[in-house]
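A short write-up of the structure that comes next.
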Amino acid sequence: MEDAGVLMAPAPVPGRVKTRLRPPLAPAEAARLYACMLGDIAEEISSVARIARYLFLDPPEGANALRESPFSSFELYPQRGKDLGERMWNAAATAFRLGAMRVLIVGADCPALAAERLRRAFRELREGAEAVFGPSADGGYYLVGLARPDERLFRKFTWGTPTVLADTVARCRAISIPFSFLPPERDVDTVEDLYALGEWARTHARPACPRTREWITGFFGPGGGGFPGSAERTPGPPRGSRSRRGG
């Protein structure tokens, strides 16, 4: 396969995932939400035809719970590396070593990430971009794609800060790597993101993300927005922008 989709994920174990959502969520609730988002993005990746699919899991012992659909089309690998950048680079390098010419790396934090967005990212890479980024509202990115392996895009960054994307784009410019942007979206990491998730689900019909929407209905109620008993609303993910080329 010339194209490969890499899904990077921690195993959805209570106490290990979505810790910034506690409170208001209990550890088991946070893990359940993450498991729903993980299943939905795996389904979106699975619907993209003619690509190789890899799931890099941490810890790898959690793979036993992820053998059925929608994970059955993924080859499972352990994550390796001391920080997020090193783990992403090792995953990308593995996909290239296995024969991919274009690699997309995503996590399971962005319910708005649809299969069509993945197809668009592959098109950007086929049409001249050597890197493509999906900006997230927190200053990072929900997707990174590569047309060739380049370790420099993952080394010596301060991960988890609001400048990750800006710093990575500056690196691209400094080393003359042509890049493009996808429309911005919002990850679900904080309590504010959780409010926004409920509002986003109420106002967006696609992607389907049935597991996540079922969780939203169960937690927020049928209206979909705001915590139970609260009239407060927080805006959903930013509306999409046209692809922009840089370099």
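Take the residues of the range 62-111 that are aliphatic (A, V, I, L, M) and surrounded by fewer than 19 Cβ atoms within 10 Å (Cβ to Cβ): which is nearest to E151 (Cα to Cα)? Per the stated criteria, the residue is A93.
Contact map, the range 195-211: first residue among the hydroxyl-bearing types (S, T, Y) and assigned to a helix (DSSP H, G or I), second residue modelled with pLDDT under 90 and surrounded by fewer than 20 Cβ atoms within 10 Å (Cβ to Cβ), Cβ cut-off under 8 Å, separation 6 or more or different chains; pairs are Y195/G226; Y195/F227; Y195/E232; Y195/R233; Y195/T234.
E151 satisfies every condition listed in (1) more than 17 Å from L165 (Cβ to Cβ); (2) surrounded by 15 or more Cβ atoms within 10 Å (Cβ to Cβ) except (2).
The single condition among (1) under 25 Å from V17 (Cα atoms); (2) more than 16 Å from the chain's Cα centre (by Cα); (3) in contact (Cβ under 8 Å) with a residue 24 or more places away in the chain that F96 does not satisfy is (1).
Considered as a group, the residues in the range 3-57 that are hydroxyl-bearing (S, T, Y) and closer than 30 Å to R123 by Cα include one that is surrounded by the most Cβ atoms within 10 Å (Cβ to Cβ), and that residue is Y34. Taking (1) of a type outside the set (V, I, T); (2) surrounded by fewer than 16 Cβ atoms within 10 Å (Cβ to Cβ); (3) farther than 22 Å from L153 by Cβ; (4) at pLDDT 95 or above in turn, A114 satisfies each apart from (2). Of the residues A95, A91, A121, A112, the single one that is among the small types (G, A, S), outside any helix (DSSP H, G or I) and in contact with a strand residue (DSSP E or B) (Cβ under 6 Å, 6 or more places away or on another chain) is A112.
The values are calculated or read from the model by the stated rules, or taken from the named source; none is laboratory data. This structure is a prediction, so every number in the text was calculated from the model and none was measured. Note that we place each Cβ from the backbone using ideal geometry, even for glycine, and neighbour counts take in every protein chain shown.
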